[in-house]
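Quick note: the coordinates plus some simple rules give every number you see, no bench work behind them. Remember, it's a predicted structure, so these values are computed and weren't measured experimentally. Heads up, the Cβs are rebuilt from the backbone with ideal geometry, glycines too, and the neighbour counts pull from every protein chain shown.
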Amino acid sequence: MAESVDEHINHGYTTDKAAYLRRLKRVEGQVRGIARMVEEDKYCIDILTQVAAVNKALHAVSLGLVEDHIAHCVVGAAHESEATGNPEIVAAKVKEATDAIGRLLR
């Protein structure tokens, strides 16, 4: 089974999982609040202010996950690459991180 869907792998964010879940639940509530604002015909600038807050919160979660991925997954791949003599292991994880960062910047 692929690592991205394997439930038994210890990911870099595991130690901060509860904090990530709290942040994401808060974002979820903010998004529901924005929908309510639209339903209630609130002022567009007030809605945009809340959208910006959600974007900032998601950005913070994203940066934390990138940091955790590099510190755990990329560093782990570097150790594995060194132990096995296979440079492709770390190259694949670096490419994976670079691609994820690229998606975040779009």
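When the convex hull of the Cα atoms of region 10-84 is projected onto a plane and the area is averaged over all directions, what value comes out in nm²?
Mean projected area for region 10-84: 5.7 nm², to one decimal.
With the dipole of region 16-91 worked out from charges on the C-beta (+1 for Lys and Arg, -1 for Asp and Glu) around the Cα centre, which of H72, A53, T84 lies farthest toward the positive end?
Positive-most Cα among the choices belongs to A53.
On a full-extension model of 0.36 nm per residue, what is the gain between H11 and L105, subtracting their alpha-carbon distance, rounded to one decimal in nm?
Gain on stretching H11 to L105: 31.6 nm.
Give me the dipole magnitude in Debye, nearest 20, for the chain about the Cα centre, with unit charges on the beta carbon: positive for Lys and Arg, negative for Asp and Glu.
The dipole of the chain has a size of about 500 debye.
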